[in-house]
Amino acid sequence: VALRHPVLRSRFETAAAGVAGFRSTLDSMGFTETHTPKIVQSATESGANVFGIDYFGRRAYLAQSPQFYKQTLVGVFERVYEVGPVFRAEPHDTARHLAQYTSLDVEFGFIESHFDVMAVLRDVLAGMVERIGDRIEVPRVPAEIPWIHFAEAQKMLGVSDEPDLAPAHERALSEWALAEYGSDFLYVTGYPMVKRPFYTHPDPDRPEFSRSFDLLFRGLELVTGGQRLHNHSDYLAALAERGLPAEAYSSYLDVFRYGMPPHGGFALGLERWTARLSGVQNIRQTTLFPRDLHRLNP
């Protein structure tokens with residue numbers, strides 16, 4: 001009954017319009033929509049933040065991300081995207097985390113660097129905003145979203161020993177971008193490799209940093225993306241360096257034996273996007289039936 005209220009209902013109409021803009025923009029750019037499994041044999045990334053399930057007597061997991069599949073499909077379609085649920089068994093109890101959320105994923109090949117991915121993301125955001133129209137007050141997406149390297153951001157914040165940005169840092173950087181560039185959006189590039197998945201491409205000039213980025217929107221991390229490794233030998237070296245067994249990723253690694261172009265992509269969390277657009281502080285307010293530490297019903 002509560003969701004019938006026009007104010008509450010409008011948030012989900014805004015989300016639907018954003019997804020429609022996401023799809024139409026990428027369709028116009030030659031991307032193919034794909035649908036990948038949400039039950040997988042192994043975790044996308046190392047760690048225990050996965051939901052295990054009994055799959056006919058075998059151990060399986062709910063997918064943290066379509067990452068491996070969308071990379072694989074770059075070798076088939078060159079440009080792909082997906083809209084679907086992802087699952088994170090992270091014991092967060094915050095206003096910005098859910099155990100299940102909707103991820104808008106993109107991956108494409110024949111790129112020069114992560115800056116090509118950032119350019120596509122900018123156009124996708126503009127398409128989403130245009131489709132949302134006058135439902136709510138929407139931000140202006142600048143022709144070129146400003147960016148700052150992680151190391152420079154650390155110096156600005158005075159936290160040079162930290163390998164990641166805290167929420168307070170994200171808010172401070174967003175305030176700086178708004179004051180300096182008049183932009184609600186800011187790219188932070190070059191996150192340390194130690195904080196990125198093994199498939200992330202390192203910066204050739206500064207290998208301790210990655211060819212990756214986060215997009216901050218009004219003080220909140222909204223998108224993570226970057227360039228991926230594409231050579232089979234580089235994957236074997238990256239897994240060995242992190243002490244991860246190559247056998248656990250054998251089907252994924254086999255894809256790169258046959259040749260893959262330089263590629264990259266990003267993932268945007270729909271609920272976070274809609275919450276920031278709507279001006280609400282908790283993403284449960286932009287999730288129809290939230291799943292978190294405490295909710296399994298309705």
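Some notes on this structure:
- Within segment 135-189, the residues that satisfy the criterion of being in contact with a Gly (Cβ under 8 Å, 6 or more places away or on another chain), in a helix (DSSP H, G or I) and within 17 Å of PHE115 (Cβ to Cβ) are PHE150, ALA151.
- The set of residues in segment 68-81 being under 17 Å from the mean Cα position of the chain (by Cα) and either among the aromatic types (Phe, Trp, Tyr) or more than 20 Å from THR200 (Cα to Cα) (or both) consists of PHE68, TYR69, TYR81.
- Flag for ALA95 being within 21 Å of LEU215 (Cβ to Cβ) and modelled with pLDDT of 95 or more: no
- Scan of segment 116-162 for residues that are in contact (Cβ under 8 Å) with a residue 24 or more places away in the chain, open to solvent by 60 Å² or more (accessible area, probe 1.4 Å) and in contact with a strand residue (DSSP E or B) (Cβ under 8 Å, 6 or more places away or on another chain), ordered by number: TRP147
The values are calculated or read from the model by the stated rules, or taken from the named source; none is laboratory data. As the structure is a computational prediction, the values presented were derived from the model and not from experiment. Quick reminder, even Gly has a Cβ in these numbers, built from the backbone with ideal geometry, and neighbours come from all protein chains shown. The area values use the complete protein model at the heavy-atom level, side chains included, leaving out ligands, DNA and RNA. Shrake-Rupley method; radii C 1.70, N 1.55, O 1.52, S 1.80 Å.
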